[in-house]
Amino acid sequence: MKNILLIAANSDIAKSLADILSDDNTCGGFNIFASFRKNLPEKKDGFTPFILDLCDEKSFADISLPEGIKFDAVVNFAGVAITSPVEKIDSKELKFQFDVSAIGLARLLKFIRPFLNSNSKVINISSMAAFGIFPFLSPYCAAKAAADILLNAFELETGIRCISIKPGVVKTKFWEYCIDLNENNFKNFDGEYEKIGRFLLQNAKNNAHKGVSPHDVAKVVFKAIKAKNPRHSYLVGLDSYCASVSRFIPKCILNKIIRWTLNRRVRKISNEK
């Protein structure tokens, strides 16, 4: 059986992947180890849950894994999305974003290194935000881009294949969680940013019900796990493919397109109200 480690396994995508892994026997089955920050589920055959908080370095010391175990794949689902105009970003909020998405990933890579071999794969659930084209979500974009850089450097330094999964909008409870998380940050959208703030809040609510399904993303992750020579990056969803095109557009033109599109969408929501 192959050993798979799922980090932040309470996410909707992680749950879908766990279901796929449990149902697949083409590789002799999968033995799943899964981390949770809280609300630990029951242990069962082929599924071993444990507590881990990527933002708490001390929590890594409390993890007890079978002696000599090697993971065929490690998949990190941890993520948050902080929103704010750049000029009003609270430094603590920015640090929290990087602690979850980038520094937490670095802590994880340090911890799992002894449990990997030359054929192991490290998979990080990134986002189309890593292309850095979403204003007012700069903390999220910057942290996802930083995570991709750390991940690629880890592969260069160790030779272990690292994979970034970049979904577009996914229909999950992530958006509802982020709305609650950003309750204080939405106060930054006053004055000239008021209409933008209302748009972002409404857009986040809409995102919970549109886009690709968690199962669609999980299938791509499973494909990467089983692939003999997986790609370094996978895009999931039409919006993610569209975002990837931004890499080839001159910044002066790209910024005009983004500002025009954003203003158009804000006006549309304002008119609907």
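The values are calculated or read from the model by the stated rules, or taken from the named source; none is laboratory data. Small disclaimer: the values here were computed from a predicted structure and weren't measured. All Cβ positions, even for glycine, are placed from backbone atoms using ideal geometry, and neighbour counts span all protein chains on display.
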(message) Being surrounded by fewer than 16 Cβ atoms within 10 Å (Cβ to Cβ) and either touching an Asp or Glu at 6+ places or on another chain (Cβ under 8 Å) or modelled with pLDDT of 95 or more (or both): is that true of Ser91 here?
(response) yes
(request) Report whether or not Asn185 is farther than 19 Å from Leu262 by Cβ and more than 20 Å from the chain's Cα centre (by Cα). (result) no
(request) Run down Arg161, Arg113 and say which single residue is basic (Lys, Arg) and touching a strand residue (DSSP E or B) at 6+ places or on another chain (Cβ under 8 Å). (result) Arg161
(request) Considering only segment 5-47, state which residues are crowded, with 22+ Cβ neighbours inside 10 Å and touching a residue at least 60 places away in the same chain (Cβ under 8 Å). (result) Leu5, Leu6, Ile7, Ala8, Ala9, Ser11, Ile13, Ala14, Leu17, Leu21
(request) Working carefully through the options Lys251, Lys210, find the one that is out of contact with any helix residue (DSSP H, G or I) (no Cβ under 9 Å at 6 or more places or on another chain) and more than 30 Å from Asp23 (Cα to Cα). (result) Lys251
(message) Can you tell me how many residues within segment 204-243 are among the polar types (S, T, N, Q), within 20 Å of the chain's Cα centre (by Cα) and either buried (at least 16 other Cβ atoms within 10 Å of the Cβ) or not in a helix (DSSP H, G or I) (or both)?
(response) 4
(request) Sort out which residues of segment 97-139 are buried (at least 20 other Cβ atoms within 10 Å of the Cβ), over 10 Å from the mean Cα position of the chain (by Cα) and hydroxyl-bearing (Ser, Thr, Tyr), and write them in order of number. (result) Ser120
